[in-house]
Amino acid sequence: MAVVSVSTVGSRVLGLLRDMLLFALLGAGAVNSAFLLAFTLPNLFRRLLGEGALTAAVVPIFAEELENEGRGAAFHLLNQVLTRLFFALLGLAGAGMVFLSALRWLAEMDGRHALAAELAIVLLPYVILVCLAAILGAALNVLQRFGVVALSQVWLNLAMIISLGAGALWVAETAEGRVLLLCAGVLVGGVFQVLIPCWPLWREGWRPRVALSSEGRLSRIFVLLLPGLAGAAVVQVNIMVSRLIAFALSPEAVSILYLANRLVELPLGVFVIAVATVTFPWIARSAAQRDFAGFREAYAQSARLVLAVTIPAALGLILLGGPILRLLFEWGAFGAGDVRATGIPLAIYAAGLPFYALATLATRGLHALKDMRGPLRVACFNLVLNVVLSVTLMVPFGIAGLAFANVISSAVQWLMLDRLLRVRPERPIAPFPLLALGRMGCAGALMGLATYGGWILLVAVFGPGKLSAGLALGVLIPLAVLVYAALLWVFRFEDREALRELVTGLWRRLCG
């Protein structure tokens, strides 16, 4: 657990450094937006196949084969999956390259659209590498070899950081040259992501072979794969369509929205996943036992904990988003104007943070009740709504309109998922207690006032520069967290002990 925790933290730190270097060297203009749009395509398949539905389908069958038939049969199944995945992705990447090449030459693209198509062609082979790496990592997880898998993203971040550094210092002088070198770094990182897990698997007895036979449990993987693939595809297509709309709006829109979303994803990824890790087994166990009173209690506590951590996180990003951006990203080509342009979408995304978290929780609750179709229908409706709102709002509000569209569609998604839970005959969830929401709201409002007052004082004493931003990040935010926690205790928040255990547990895992 210590190795995994340290590896995860290391990966997040390197990811932050990678983004800081990316924006410092390329800024928020057309070249960076073209790269981020092109990189969305392999990431779509990584989340869809490598880390999503395919991995979820492979793991239980591989574990079952390992337990019942031994390592030889399990590794043969792994080779069957890898062989089919490799040839399928090879054909998909080849077709994508041909399509994008033809589109580039026939559609008379302008400079930034042509660059995005060129970068997408260069990055398409990474689809093969990252998906194969994810399946190898899934097999290692079943074999209880967690450390190598946890380091997988580290190799990609290191390769991208080194390629960016080399491009800036020695090799490329133009933004276009640097971004091509960055794409090469992505491919090199993908090669390491595939090769490094092979060594521990080899030591466990695996031998890579082309396995075209179809006997065994292979068909069961596809039975599990298809329902999850449909739901995951809708989510990933939504992300891709949103970025295509942003790229059509302005040269810098993709970069600005990407950066704003990355900062919002940090508390969402750390705290909401932590809450799900602690409470979802309780929810799933209650659903399996048809203990709907227990399900109702577990779900209610999860919702309160999710709001207890996302409300102050949202307020903090709204109030201190500018100083955070200034301290971390106002370097090189990413100037003060870019910080101001990113601050508004960041505040809008932050306001939607509780909705994102509650929608994630509601989806998990429906899955625990074996309802896969409901979340899929909601995701499809959300895709259409997000596109319609994006096209409608981007004209009067620009980049901020795209962020508004995302938040509104996420709020509607949560309301629809919540209704699906409430109308079920088992009545698995109860109405949300307004008293608990009032306590969290009062604590958050008072914390926000204290935070805003502290920032005004810092600016008055030190000016609005990086020193004030550094003090806000290193001193003011920790003090605001303490103020919020103390207010929850004063207001006798129902789950204050569970919240304390959650935070201390995160801290222990962080420290190994």
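Among the residues making up region 128-145, those that are closer than 14 Å to Leu201 by Cα and under 20 Å from the mean Cα position of the chain (by Cα) are Leu132, Ala133, Ala134, Ile135, Gly137, Ala138.
Look at Arg47 and say whether it is of a type in the set (D, E, K, R), within 23 Å of Leu244 (Cβ to Cβ) and in contact (Cβ under 8 Å) with a residue 60 or more places away in the chain. So Arg47 fits the description; yes.
Gly111 passes every criterion in (1) crowded, with 22+ Cβ neighbours inside 10 Å; (2) over 21 Å from Val188 (Cα atoms) apart from (1). Every condition in (1) in contact with a Phe, Trp or Tyr (Cβ under 9 Å, 6 or more places away or on another chain); (2) part of a helix (DSSP H, G or I) is met by Pro208 except one, and the failing one is (2). In region 345-451, counting only helices (runs of 4 or more DSSP H) that sit wholly within it, the ones holding 1 or more residues that are modelled with pLDDT under 85 and either crowded, with 16+ Cβ neighbours inside 10 Å or in the same structural domain as Ala314 (by TED's automatic domain parsing) (or both) span 353-368, 373-397. Tell me, yes or no, whether region 477-484 has at least one residue that is out of contact with any strand residue (DSSP E or B) (no Cβ under 9 Å at 6 or more places or on another chain) and within 22 Å of Arg340 (Cα to Cα). Scanning region 477-484, I find at least one residue that is out of contact with any strand residue (DSSP E or B) (no Cβ under 9 Å at 6 or more places or on another chain) and within 22 Å of Arg340 (Cα to Cα), so the answer is yes. Quick one: is Arg285 basic (Lys, Arg) and more than 25 Å from the chain's Cα centre (by Cα)? Here the answer is yes, as Arg285 does meet what is asked.
Tallying residues that are under 21 Å from Phe271 (Cβ atoms) and free of Cβ contacts under 8 Å to residues at least 12 places away in the same chain within region 301-349 yields 0. Among the helices (runs of 4 or more DSSP H) confined to region 30-138, the ones with at least 3 residues that are within 29 Å of Thr174 (Cβ to Cβ) and either at pLDDT 90 or above or in the same structural domain as Met240 (by TED's automatic domain parsing) (or both) are located at 30-45, 71-106, 111-123.
Whether a residue is over 19 Å from the mean Cα position of the chain (by Cα) and modelled with pLDDT of 90 or more was assessed, and Leu315 passes this test. For region 456-468, the criterion of a residue being modelled with pLDDT under 85, among the basic types (Lys, Arg) and either part of a helix (DSSP H, G or I) or more than 23 Å from Ala298 (Cβ to Cβ) (or both) is satisfied by no position. The condition (being under 22 Å from the mean Cα position of the chain (by Cα) and within 30 Å of Arg290 (Cα to Cα)) is satisfied by just one residue among Leu376, Leu421, Leu435: Leu376.
For region 149-182, the set of residues classified as closer than 28 Å to Leu132 by Cα, surrounded by fewer than 21 Cβ atoms within 10 Å (Cβ to Cβ) and of a type outside the set (A, V, I, L, M) consists of Gln153, Gly165, listed by residue number. Scan region 480-498 and give yes if some residue there is of a type in the set (Gly, Ala, Ser), modelled with pLDDT of 90 or more and not assigned by TED's automatic domain parsing to the domain that holds Val309, otherwise no. Yes, region 480-498 has at least one match.
The values are calculated or read from the model by the stated rules, or taken from the named source; none is laboratory data. Predicted, not measured: the structure shown is a model, and the values here were computed from it. Virtual Cβ from ideal backbone geometry, glycine too; neighbours counted across all protein chains shown.
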